Amino acid sequence: MEYRKIGETKVSLLGFGCMRFPQGADGEIDLAQTDAMLTKAYEAGVNYFDTAYVYHNQKSEEIAASFLKKFPRDTYYFADKLPCWDASSVEKAKELLQTSLDRLGTDYIDFYLLHALNKDSWKNMKERGIVEWLEGVKASGVIRNYGFSFHDDYDTFIDIVNYRKWDFCQIQINYMDVDEQAGMKGYEECVKLGIPVVVMEPVKGGSLAMFPDDILAPLKAVNPDDSAARWALRWCGTLPGVSVILSGMSSMAQVDDNLETFKEFKPLSDTETKALDEHMANTRSRKFNNCTWCNYCMPCPAGVNIPRIFRLLNNFAMYANKGDVKWNYEHEIPDSQKPDKCVNCGKCVSHCPQHIAIPEDLKTAGANIKDIIASL
Ligand code: SF4
Ligand code: SF4
C-alpha cells in the first residue's frame, strides 16, 4: 500500500469512502458484504475511512465503526464531517459532533471537516463562531486534524483556503474535472500553502469507470489489462500534493481492483499521460452535462428524478446505447418522475454543486430521450 502524509500522520493513499456501501434490492445496506469489504481493505493497509454525519441516511458512521472496532483504534483513522447546514449555532454544532463521536464509539476523531462548504455556509460558519470553536476542539484533542470539504467556485475556495492554516482539505478533482469548482488551480494553491489534499470523486461518481472498450482504445493500447477506474485513480495519485484519494467502494470487485492499483503505486508515465490526454479529448466531446449523481438536488417537489434522467443522458453520450436508454426510461423512471413534470420552480438549482442549469437541461434531456427512442 502506498502511504503519504497529512502533517505527521501516515495515511494510505487509498481512502475508503463510506457513502456507497453495497445495498440489496430492498435498498438496505448489505452488512455482511460491507464488513467483508472494510475488513479486506484494512488488512491490505487502508487506514483512512471517510464517513459523514449524513451518509447513508445517518447510518454510515455507526456501520463503519461497528466493523472497524475489531481492529486497534490507533491503527486506522476516521474522517468525519460536521453538517454545516444543520449547525445553526455553536451549541447545535457541539450536539452534532457529540452524536458523531457516539456513533463512532470513540472519544476523538482523527480528521474532522466542515462538510461541503460553499460561499453561504462558509459565511454562516464564521458568523456563528463555529470556525473558531473548532479551533478549541482541536486544541482539546477531540479532533486531531481540522479541515473542510468544498463545493463552490474557485474564488470562494481561495477565500476559505487562505483564511487559516488548515491541516488538510477535501476537493473534487479528476481528469475530467480540472476546471470545475476549486479545480487544478485550487489544488495548486493548496500545494503553495502546504495544505495536503484529499481527493473526492476521483472516478467522477463512477462514470470514469464505465467506458466501453472502444472509447478506451487509447488507454487499452498502452495498458491492455488495466481498468478505467485504475487510470482515473492513478491520474490523481500522480499529483504530489494529494495525500488521500477517496473511493466510495460498493462491491468487492472494486475493492480488489483498487487494492491492486495502490499495492505498488506507479505514477503515470509520459506515454500513459499522452494516451490519457487523447482519451479525455474523446470523452469531453461526448458528455451531456456535469452531473455526478450526488443527489443534493433531491427531492424535487414536483417529483422529477433529476439525477436518474441526467445519468441516462450522460451514459448515452458515452456509450451510445439506444436500447439502454429506452429500457431504462420506460422501466426505471415512472411517468411521475419524468422531465416533463418539472414546473421550473428553481429550487434544485442552488443545491447543485456542479452549477447545472437543471430545468433547462431537463427540457433538453426530455427532447433528446424522445428522439433517441423514436429513432429505434
Ligand atoms: S426546477 Fe424542476 S426539477 Fe428543479 S426542483 Fe423545481 S420542479 Fe424540480
Ligand atoms: S443535478 Fe447537480 S445536484 Fe443533482 S445529482 Fe446532478 S450534480 Fe448532483
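No value in this document is a laboratory result; all are computed from the given coordinates. All of these numbers come straight from a predicted model, not from anything done at the bench. Neighbour counts are summed over all protein chains in view; Cβ atoms, including those assigned to glycine, are modelled from backbone coordinates with ideal geometry.
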Name the shape class, rounded, prolate or oblate, that the alpha-carbon gyration tensor gives for region 3-282, where a ≥ b ≥ c are the square roots of its eigenvalues, rounded holds for a/c under 1.5, and otherwise prolate holds if a/b is larger than b/c and oblate otherwise.
-> oblate
Helix 358-374 versus the longest principal axis of the chain: what angle, 0 to 90°, nearest 10, using Cα atoms?
-> 40 degrees
Expressed in angstrom and rounded, the centroid-to-centroid distance over alpha carbons for region 182-250 and region 299-324 is 24 Å
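Hey, what did region 309-366 get for relative contact order, percent, Cα under 8 Å, at least 6 apart?
Details: 30 pairs, mean separation 23.5, N = 58.
40 percent.
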Expressed as an acute angle from 0 to 90° and rounded to the nearest 10, what is the orientation of the C-alpha long axis of helix 252-263 relative to the principal long axis of the chain?
-> 60 degrees
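Which percent, nearest 5, of DSSP beta bridges in the chain are antiparallel?
Numbers: 5 of 34 bridges.
Approximately 15 percent, going by the DSSP bridge assignments.
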With Thr273 itself left out, Lys, Arg at +1 and Asp, Glu at -1 over residues whose Cβ is under 13 Å from its Cβ give -1
Unit charges at the beta carbon, dipole of region 3-282: most positive-side option, Gln181, His56, Gly141 | Gly141
If one compares the long axis through the Cα atoms of helix 183-193 with the longest principal axis of the Cα atoms of the chain, the angle in degrees, nearest 10, works out at 20 degrees
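With a sphere of radius 12 Å drawn around the Cβ of Thr34, what net charge do the other residues whose Cβ falls strictly inside it have (Lys, Arg +1; Asp, Glu -1)?
Numbers: positive: Arg20, Lys40, Lys59; negative: Glu28, Asp30, Asp35, Glu62.
That sum, taken over residues with Cβ under 12 Å, equals -1.
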Net dipole in debye of the chain [+1 Lys, Arg Cβ; -1 Asp, Glu Cβ; about Cα centre; nearest 20] | 320 debye
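For region 5-101, run through the trypsin sites (Lys or Arg not before Pro) and keep only the ones in DSSP coil with at most 16 other Cβ atoms within 10 Å of their Cβ. All intermediate terms of the calculation are to be shown ahead of the outcome.
Values: sites: Lys5, Lys10, Arg20, Lys40, Lys59, Lys69, Lys70, Arg73, Lys81, Lys92, Lys94; in loops: Arg20, Lys59, Lys69, Lys70.
For trypsin sites (Lys or Arg not before Pro) across region 5-101 that sit outside H, G, I, E and B with at most 16 neighbouring Cβ atoms in 10 Å, the list reads Lys59, Lys69, Lys70.
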Label point at Thr75 placed 7 Å out along Cα→Cβ; residues across region 27-41 whose backbone nitrogen lies under 18 Å = 35-41
The chain: most fluctuating residue of Asp177, Asp74, Asp361 per GNM, C-alpha cutoff 10 Å | Asp74
Go through region 313-376 and name the chymotrypsin sites (Phe, Trp or Tyr not before Pro) that are in a DSSP coil and have 10 or fewer other Cβ atoms within 10 Å of their Cβ.
-> none
Euclidean distance between Cα centres, region 91-163 to region 18-78, Å | 22 Å
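What's the extension gain from Cys345 to Lys263 if we count 0.36 nm per residue and subtract their Cα-Cα distance? Please report the intermediate quantities before stating the final value.
Details: separation 82, 0.36 × 82 = 29.52 nm, distance 4.87 nm.
Working it through step by step, the gained length comes to 24.6 nm.
Assigning unit charges at the beta carbon (Lys, Arg +1; Asp, Glu -1) and nothing else, what dipole magnitude in debye, to the nearest 20, does region 306-374 show about its Cα centre?
Values: 9 positive and 8 negative charges, 15 e Å.
Computed charge dipole of region 306-374: roughly 80 debye.
Roughly how many debye, to the nearest 20, is the charge dipole of region 235-345 about its Cα centre, given +1 on each Lys and Arg Cβ, -1 on each Asp and Glu Cβ, and no other charges?
In total the dipole reaches around 420 debye.
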What is the spin-label model distance, in nm, from Glu330 to Ala317 if the labels are put 7 Å beyond Cα along the C-beta direction?
-> 2.6 nm
Find the cysteines in the chain that fail to meet the 4.7 Å Cβ criterion with every other cysteine, and list them.
-> Cys18, Cys84, Cys169, Cys190, Cys236, Cys291, Cys294, Cys300, Cys342, Cys345, Cys352
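Determine the calculated [θ] at 222 nm for the chain from helices alone, applying -39500 (n - 2.57) to every DSSP H run no shorter than 4 residues and normalising by the residue count; nearest 500 deg cm²/dmol. Provide the component values of the computation, followed by the final result.
On the way: 15 runs with 162 residues, N = 376.
Calculated mean residue ellipticity at 222 nm is -13000 deg cm²/dmol.
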